[in-house]
1. Please find, within the stretch B:265-308, the residue that is farthest from B:Lys200 (Cα to Cα) out of those that are within 14 Å of chain A (Cβ to nearest Cβ) and in contact with a helix residue (DSSP H, G or I) (Cβ under 6 Å, 6 or more places away or on another chain).
2. Output yes when any residue across the stretch A:17-28 is charged (D, E, K, R), under 26 Å from B:Thr120 (Cα atoms), in contact with a helix residue (DSSP H, G or I) (Cβ under 6 Å, 6 or more places away or on another chain) and surrounded by fewer than 18 Cβ atoms within 10 Å (Cβ to Cβ), and no when none is.
3. Restricting attention to the stretch B:370-400, and to residues there that are touching a strand residue (DSSP E or B) at 6+ places or on another chain (Cβ under 8 Å) and farther than 23 Å from B:His529 by Cα, which single residue is surrounded by the most Cβ atoms within 10 Å (Cβ to Cβ)?
4. I'm told A:Gln105 meets every condition in (1) more than 20 Å from the chain's Cα centre (by Cα); (2) polar (S, T, N, Q); (3) within 14 Å of chain B (Cβ to nearest Cβ) except one. Can you identify the failing condition by its number?
5. Test of understanding: among B:Pro192, B:Pro178, which residue is away from chain A (no Cβ under 14 Å) and part of a loop (DSSP other than H, G, I, E, B)?
6. Just name the residue that is nearest to the other protein chains (Cβ to nearest Cβ) out of those in the stretch A:54-72 that are crowded, with 21+ Cβ neighbours inside 10 Å and touching a His at 6+ places or on another chain (Cβ under 7 Å).
7. Filter the stretch B:233-259 down to the residues that are touching a residue at least 24 places away in the same chain (Cβ under 8 Å) and farther than 24 Å from B:Thr400 by Cβ and list them by number.
8. Find the residue count for the stretch B:214-224, including only residues that are more than 11 Å from B:Pro419 (Cα to Cα) and of a type in the set (A, V, I, L, M, F, W, C).
Amino acid sequence: MATDIEHHTLSVLVENKAGVLARIVNLFSRRAYNIYSLAVAPTEDERFSRLTVVVDVDSAPLEQIVKQLHKLINVVKIVELDPSHSVERELMIATVRCPGEQRHQVTELARIFEGKILAVNQNALTVSLEGHPSKVDDFEDMLRTFGISDIQRTGRIALPKLDRDAGKLRAVKNRTA
Amino acid sequence: MKLNGGQALIKSLEMEGVEVMFGLPGGAILPVYDPIIDSPIRHVLVRHEQGAGHMAEGYAHATGKPGVAMVTSGPGATNIVTPLADAYMDSVPMIVITGQVPTAAIGTDAFQEADITGITQSVTKHNFLVTEAQDIPMAIRQAFHIATTGRPGPVLVDIPKDIVDPTNPRSAMEWVWPSADEVTASLPGYKPTTIGHPRKIKEAATMMLAAERPVIYAGGGILKARGAEALRELAELLGFPVVTTLMARGAFPDDHELCLGMPGMHGNYTAIMSMQESDLLIALGSRFDDRVTGKVPNFAPLAKIIHADIDPAELGKVRRPDVPIVGDARLIIEALVTEVKAQIAKGAEKPDVTAWRATLSGWQETYPLAYEDPVEGELLKPQMVLEALRDSAPEDCIVTSGVGQHQMWASQYWTFRHPYTWINSGGLGTMGFSVPAAIGAKVGRPDRMVWAIDGDGCFQMTAQELVTAAAERIPVKIAILNNAYLGMVRQWQEMFYDERYSEVYLSPDLPDYVKWAEAMGCVAFRVEHPEDIQPTIDKANAIDDRPVVVEFRTDASEKVFPMVAAGHSNSDVQVPPFQRARGSEEVAD
């Protein structure tokens with residue numbers, strides 16, 4: 001599970017060009033850095049895409065990861081999102097085995113977590129939950145007691161919080177050594 | 001002006017000031033070879049694409065200008081992957097243009113198709129697949145800009161055949177040469193820092209003025225930044241000793257009283273120990289490579305570190321600096337000189353390094369680079385050959401080398417007095433580098449004598465390029481130190497594998513190097529006796545219209561010393577056996 005102690009969230013603005021994602025992933029692979037999760041999509045400006053990448057800093061110091069990422073020509077900007085100054089979300093869909101009487105327990109759980117029932121048949125339910133990654137973690141743990149047959153999580157996406165001043169973002173770009 | 005993509009590519013290279021390129025044509029790149037006939041650019045036709053890559057590197061090392069190589073798709077492109085990796089490790093500015101199958105065929109496993117941008121992602125500074133003829137000039141401009149600025153490195157530009165083939169409508173384009181501003185604007189994520197932060201410069205200068213046992217740890221970045229003169233000014237201003245890494249040989253004159261020579265696994269005893277005992281290492285354009293540091297936790301344990309490098313990722317990668325400075329080595333050194341002078345003018349005292357210098361000269365006297373005299377009737381000592389080559393060559397002679405024992409001896413025994421006179425494969429350690437690199441260097445500097453110092457193992461990997469040299473009348477000189485072994489591997493097997501020699505014997509006379517060289521259009525000599533060394537070198541040096549190969553039969557039992565065994569502390573450096581006795585009372589700690 002993603003505890004915020006050994007995982008850090010980087011928001012990486014990249015040029016929206018063919019092969020950029022491959023360059024990022026290749027860099028992580030060749031320098032033996034571990035990615036915990038990665039989400040990518042275009043931004044409001046079609047020239048750029050934003051990656052939210054959760055990195056495992058046990059594998060390498062965050063500073064070194066950031067500096068190596070910056071060496072990629074297509075990487076424009078990197079911001080480390082401090083969990084206390086950012087909003088983070090993740091989406092999960094899971095199919096849970098729940099024949100008969102258990103179905104009620106799962107729907108009840110989904111209600112408590114404010115999840116949705118996406119599909120149902122005789123033996124299983126597919127539920128979705130959008131929320132803070134730790135809430136998604138909790139929901140996943142609870143569902144495991146019933147038996148998860150399939151699960152897909154999106155990886156976290158994040159943006160800086162609005163109610164605090166944006167200057168609180170730590171711009172790791174300029175941090176030397 | 002209407003051009004086709006092939007014409008636009010060659011015109012772009014001309015606009016970038018390219019005078020020479022190294023390459024070999026094939027199906028996918030064919031249309032680009034046609035306009036070469038009408039271009040002032042000289043094309044050197046190689047015999048293997050790896051040769052083209054190393055020639056471009058040799059050219060870049062010798063001239064400071066980016067080297068350019070052009071090859072076809074598929075195997076042509078994969079054959080140049082080693083030079084790309086080599087150039088990436090040693091920060092050599094190089095542009096490689098590869099042909100690619102037509103756009104519509106990409107991804108279909110077409111004949112001679114290889115995903116070369118995918119393959120080379122981790123061994124290039126950047127690469128491009130250009131998909132529109134109109135984009136060719138911008139791609140070439142970006143490639144040169146990226147290869148030559150910031151930390152230099154290789155850039156690959158992959159060109160599908162349809163956008164350069166005049167019979168294909170997709171090759172039509174309107175010639176537009178982008179301005180420098182347009183190039184910068186097109187690379188929003190690329191803004192290398194060149195000027196060192198003034199506060200860090202100030203901190204570094206203050207630290208230098210307070211040092212007791214300082215050492216300047218000069219790396220290849222100084223040469224890339226054309227900073228050798230600035231380095232000399234800084235060293236002389238403070239009287240600080242200088243070590244020059246394998247990539248920085250020649251960045252500071254070897255015959256200068258402040259020069260301690262090469263540090264590292266096979267460095268000079270004094271260079272190694274000076275760093276171990278130092279209280280301040282001033283690392284300029286160097287990267288704390290494992291061959292320099294030995295076991296990292298034991299490296300220079302007492303030293304504070306000033307680390308200046310153009311690549312921010314090098315700062316703190318291996319050793320955390322006390323003062324990190326990001327920027328161009330020359331600009332930083334010049335700023336340091338100015339700042340040190342300013343602090344002295346304000347009353348700061350120059351540090352007294354007399355005692356430190358005395359310690360260093362003591363080590364130099366006790367542990368000079370040395371080898372035992374040859375025994376009558378035995379094979380040649382390789383060091384003796386190098387000394388004779390060195391003493392017979394003009395002082396601005398360019399020396400290239402392959403990788404292994406001969407490389408270490410060349411670096412140790414040559415006296416480099418000028419920058420850009422030493423060209424070798426440091427980071428990647430590419431056997432076979434020396435012959436093509438020498439050819440590239442000679443093409444770039446036809447006014448200079450160029451000697452390739454090679455081993456017999458290395459020579460066999462790229463010797464075919466001597467055909468190129470003979471055909472193109474590029475008069476390089478090759479010295480093969482033929483000890484009939486993969487010598488460095490043999491040395492490790494002798495020292496660390498109980499003399500169990502596994503797959504290292506090559507034979508002294510298979511191939512017959514003289515016949516082989518002659519077959520390739522070279523003049524060739526073989527030297528087996530000490531008295532023939534000098535006359536043969538004199539004959540070789542007198543030839544200036546053809547490549548020359550001199551095979552020296554050397555003693556395979558000779559080992560490279562000093563040596564720090566891999567993974568050991570530099571303090572455990574082994575000097576040659578005959579020097580060990582004198583050490584007992586004197587070796588530091």
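1. Applying the first criterion (within 14 Å of chain A (Cβ to nearest Cβ)) to the stretch B:265-308 yields B:283, B:287-288, B:304-308.
Filter again for in contact with a helix residue (DSSP H, G or I) (Cβ under 6 Å, 6 or more places away or on another chain), leaving B:287, B:306, B:308.
Working: B:Arg287: 18, B:Ile306: 9, B:Ala308: 10 Å.
Here the residue is B:Arg287.
2. no
3. So in the stretch B:370-400, the residues touching a strand residue (DSSP E or B) at 6+ places or on another chain (Cβ under 8 Å) come out as B:374, B:379-382, B:385-386, B:389, B:393, B:397-400.
Add one more test, that the residue is farther than 23 Å from B:His529 by Cα, and what stays is B:397-400.
Working: B:Cys397: 20, B:Ile398: 27, B:Val399: 27, B:Thr400: 33.
Across the stretch B:370-400, the extreme among qualifying residues is B:Thr400.
4. (3) is the only condition that A:Gln105 fails.
5. Details: B:Pro192 fails: away from chain A (no Cβ under 14 Å).
Being away from chain A (no Cβ under 14 Å) and part of a loop (DSSP other than H, G, I, E, B) holds for just one of B:Pro192, B:Pro178, which is B:Pro178.
6. A:Val55
7. Matches in the stretch B:233-259: B:Glu233, B:Leu234, B:Leu237, B:Leu238, B:Gly239, B:Phe240, B:Pro241.
8. Qualifying residue count for the region: 3.
The values are calculated or read from the model by the stated rules, or taken from the named source; none is laboratory data. Keep in mind it's a predicted model, so treat the numbers as computed, not measured. Positions of Cβ are generated from backbone atoms using ideal geometry, with glycine treated the same way; all protein chains shown enter the neighbour counts.
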